[in-house]
Number of protein chains: 4
Amino acid sequence: MRGYIKKGDKEKVQNRLKRIEGQVRGVQRMADEEAYCVDVLTQIASVVSALEKVGAILLKDHVEHCVRESMEKGAADADEKIEELTAAVERFLRV
Amino acid sequence: MRGYIKKGDKEKVQNRLKRIEGQVRGVQRMADEEAYCVDVLTQIASVVSALEKVGAILLKDHVEHCVRESMEKGAADADEKIEELTAAVERFLRV
Amino acid sequence: MRGYIKKGDKEKVQNRLKRIEGQVRGVQRMADEEAYCVDVLTQIASVVSALEKVGAILLKDHVEHCVRESMEKGAADADEKIEELTAAVERFLRV
Amino acid sequence: MRGYIKKGDKEKVQNRLKRIEGQVRGVQRMADEEAYCVDVLTQIASVVSALEKVGAILLKDHVEHCVRESMEKGAADADEKIEELTAAVERFLRV
């Protein structure tokens with residue numbers, strides 16, 4: 001099964017993930033150099049936030065494209081997709 | 001101001017951050033190859049979780065060491081450290 | 001605009017919200033009686049979790065019903081609903 | 001074991017919990033009347049946020065008072081309190 005990222009979003013997602021990778025390496029350096037704990041925590045919180053923003057973009061594209069497509073295919077397909085979608089959101093919320 | 005990571009924890013934190021960096025690159029690949037959106041979301045949720053676990057280790061070491069030290073130094077130091085600590089936790093909870 | 005809660009879910013949601021109200025009153029009592037802070041925090045974390053579970057049920061019903069309906073009506077309606085849906089999820093994640 | 005809420009905070013916490021109880025009843029009414037799902041979700045997200053703000057106040061008072069006291073009593077007491085504190089924060093973050 002193929003995923004789908006909207007044209008304009010794909011580059012945005014890729015750039016953000018590049019930046020997130022750099023932030024993670026920044027956190028590694030902070031840990032290596034024993035930077036002040038609260039600063040490291042603040043940096044980690046900011047990476048978490050950036051990752052969730054990427055997640056929100058992917059979620060939107062997924063609903064716009066895959067869920068919509070499944071609804072056009074018929075009820076059974078759509079039910080499965082919606083089940084899967086809410087499970088993904090729940091994993092984010094960890095409920 | 002220096003941070004502090006407990007001896008046993010330092011290597012653990014470094015290894016986890018290495019693994020997290022790898023996971024972020026994995027997410028990049030998934031986005032490049034347009035892997036199925038829900039799988040990407042699941043992977044992102046798992047990186048977020050791993051980052052917060054590292055945050056929890058740092059938080060513990062910070063209280064054990066820096067906050068404790070500040071309390072030994074006296075009330076004013078400790079108040080500042082506690083203020084800072086709760087602010088860090090709030091940034092995580094985004095309250 | 002009307003909301004929609006699936007038949008089986010409505011009672012479940014109502015029961016859970018009743019229980020959550022009771023839990024909040026329990027937290028009030030704990031605060032009044034100065035119960036041990038960590039126990040109060042644990043209780044609050046459990047209320048948060050219960051609320052998010054209710055949110056997840058509503059979200060699922062919303063996608064199953066309202067978003068689906070909007071997709072049947074046409075692209076413009078659906079776009080608006082999806083925009084609104086991801087905004088709601090983002091408010092939960094506070095991204 | 002007794003908890004501790006700072007004088008100025010106790011009334012604040014009690015008032016906020018009263019308001020949260022009212023908000024939960026508001027959500028019940030919204031569910032009863034099948035208010036628009038996204039509005040209910042928004043309201044739930046706002047209750048979650050309010051609860052976590054109360055949690056942050058209690059956390060601060062707990063560190064300021066109970067953790068500090070434990071540190072004055074000696075290493076063993078403090079270790080236990082710090083363990084307990086990070087566990088409480090982890091329950092909030094669900095890591």
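The values are calculated or read from the model by the stated rules, or taken from the named source; none is laboratory data. Keep in mind it's a predicted model, so treat the numbers as computed, not measured. Positions of Cβ are generated from backbone atoms using ideal geometry, with glycine treated the same way; all protein chains shown enter the neighbour counts. Remember, those area values only see protein heavy atoms, side chains included, never the ligands or the DNA or RNA. Shrake-Rupley method; radii C 1.70, N 1.55, O 1.52, S 1.80 Å.
Some notes on this structure:
- Residue in region A:84-94 that is part of a helix (DSSP H, G or I), touching a helix residue (DSSP H, G or I) at 6+ places or on another chain (Cβ under 6 Å), open to solvent by 50 Å² or more (accessible area, probe 1.4 Å) and more than 9 Å from chain B (Cβ to nearest Cβ) present: yes
- Condition broken by D:M1, with the remaining ones in (1) more than 16 Å from C:A31 (Cβ to Cβ); (2) more than 16 Å from the chain's Cα centre (by Cα) satisfied: (1)
- Every pair of residues 6+ apart whose Cβ atoms lie under 8 Å, when the first sits in region B:17-43 and is within 7 Å of chain A (Cβ to nearest Cβ) and in contact (Cβ under 8 Å) with a residue 12 or more places away in the chain while the second is open to solvent by 40 Å² or more (accessible area, probe 1.4 Å) and not in a loop (DSSP other than H, G, I, E, B): B:V27/B:Q43; B:V40/B:M30
- Tally of residues being on the phi > 0 side of the Ramachandran plot and of a type outside the set (G, A, S) across region B:53-95: 1
- Residue ID - farthest from the other protein chains (Cβ to nearest Cβ), chosen from residues in region B:51-83 that are among the small types (G, A, S) and crowded, with 16+ Cβ neighbours inside 10 Å: B:S70
- On the stretch given as region A:45-60, residues that are among the polar types (S, T, N, Q) and touching a residue at least 12 places away in the same chain (Cβ under 8 Å) total 1.
- Selected residue (criterion: nearest to A:E84 (Cα to Cα)) from residues of region A:1-23 that are surrounded by 15 or more Cβ atoms within 10 Å (Cβ to Cβ) and aliphatic (A, V, I, L, M): A:I5
- Residue list for region B:24-50, filter: under 11 Å from the mean Cα position of the chain (by Cα) and surrounded by fewer than 21 Cβ atoms within 10 Å (Cβ to Cβ): B:S49, B:A50
- Hey, B:E11 of a type in the set (D, E) and touching a residue at least 24 places away in the same chain (Cβ under 8 Å) or not: no
- Subset of region C:40-88 (residues that are acidic (D, E) and either modelled with pLDDT of 95 or more or more than 20 Å from D:I20 (Cα to Cα) (or both)): C:D61, C:E64, C:E69, C:E72, C:D77, C:D79, C:E80, C:E83, C:E84
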